[in-house]
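Every number here is computed from the coordinates shown, using simple stated rules; none is lab data. The structure displayed is predicted, hence computed values, not measured ones. Using ideal geometry, Cβ is built from the backbone for each residue, glycine included, and neighbour counts are taken over all protein chains shown.
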Amino acid sequence: MVKYRMPVTPINYAIWYCYIQGSNPSLNAELDHVIAEQQTCSQDKAKEIFDKHLTQDDLAFFQEMTEKFHTTMEQVQQDISTTLEHSKSFTTSLVDSQNELNMLADVNSYNEILGCVERLTDDSIAMQDYAREFQTKLAFAYNEIKDLKEALNISKEAADTDTLTGFYNRGKFDSDIVKFCFEYSEKAQEDSLAVLIMFDIDHFKRFNDDFGHQKGDEVLRLVAKKVRENTTETANIYRYGGEEFCITAYFDTINDIIAFADCIRLAIAKLAIRKKHDVTAKRAISASFGLAILRPFTNSSVLVERADRALYIAKTHGRNRIEIAPDI
């Protein structure tokens, strides 16, 4: 913000925080365009960007964070100034005492010398007290700033998470898939395969139509639970939209990729849903999978298109199956 001559206001703080986190690509693109044209971003333009990409809840949150941060920093600055003043006073006392001792060369001046030492002792104790108090205040400020950072991280995590499934959401996917492709291209010499797996629940609309939307949500939660149980910690899982999901991960071989996807497919296929007041009305759950292996320097949109095409083929070939996208 300082670099582009933008004041530290809640709105500016909110849009720049989101910009740095990269959680809103369209916001980043618009702010980049404005900065490139004007070398700054006016308050009116910042408000326009905020209104387009963020909400009043975001503003209230960042306003609270900004106020707490400023209050903490002002208190730290005040405490530093106070401690410096006491430090200067103690330094002056040391110099004065040194000069006084230099003049007290007479052996009969021991009373004056003792008085000087006593004053130094008192001043030293007082300085130690101020130092301890300053240390305590610094520790408090550190915890305040740490809490603010954690609150921002929690806010970002909530903004990136789909509330129904607990997976990352579409906005997070759009940001991460670009990084996924770039990072793999950077380390393409390593002996590993990067893959995008897209899958969705077969005939999901029928669950909503026949069982109701609450049961549809239950299906999503059940599937999400099984996917998480059968996914390694190194893989990232996203709810792409509706009943469609994505996984990005690294594997050693194509067989490992297929085995991983098939493990999830079989786990989902064991699930079933029943009507609330009719236990005999039972319907199995299944999912179709499309796999696209990432090649170095592939554009993220091309990778998504290939995985989506493979998913389409899996559905047209009977569903509850896995298809691998051919290289283009």
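Numbers below:
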| read-out | value |
| --- | --- |
| Cα→Cβ-extended label distance, 7 Å offset, between CYS263 and THR234, nm | 1.2 nm |
| Region 244-313: chymotrypsin sites (Phe, Trp or Tyr not before Pro) in DSSP loop, at most 13 other beta carbons within 10 Å | PHE297 |
| Coil-residue trypsin sites (Lys or Arg not before Pro) of region 256-328, DSSP, other Cβ within 10 Å capped at 12 | LYS270, LYS276 |
| Segment LEU94-LYS52, extension gain: residue separation times 0.36 nm, minus the distance between their alpha carbons | 9.0 nm |
| Karplus-derived 3J(HN,Hα), 6.51/-1.76/1.60, for each residue of region 212-223, Hz, glycine and proline x | x, 5, 5, 5, x, 5, 5, 4, 4, 5, 5, 4 |
| Full-stretch length increase - ASP327, THR82 - with 0.36 nm per residue and alpha-carbon distance subtracted | 81.4 nm |
| Sparse-neighbourhood loop sites, GluC sites (Glu not before Pro) in region 200-294 - DSSP loop, at most 15 other Cβ within 10 angstrom | GLU233 |
| Only Lys, Arg (+1) and Asp, Glu (-1) charged, at Cβ; region 173-328 dipole about Cα centre in debye | 960 debye |
| Three semi-axes of the equivalent ellipsoid, region 163-233, Cα gyration tensor, whole Å, largest first | 32, 13, 11 |
| Calculated FRET value between HIS33 and GLU186, using beta carbons and R₀ = 35 Å, to 0.05 | 0.85 |
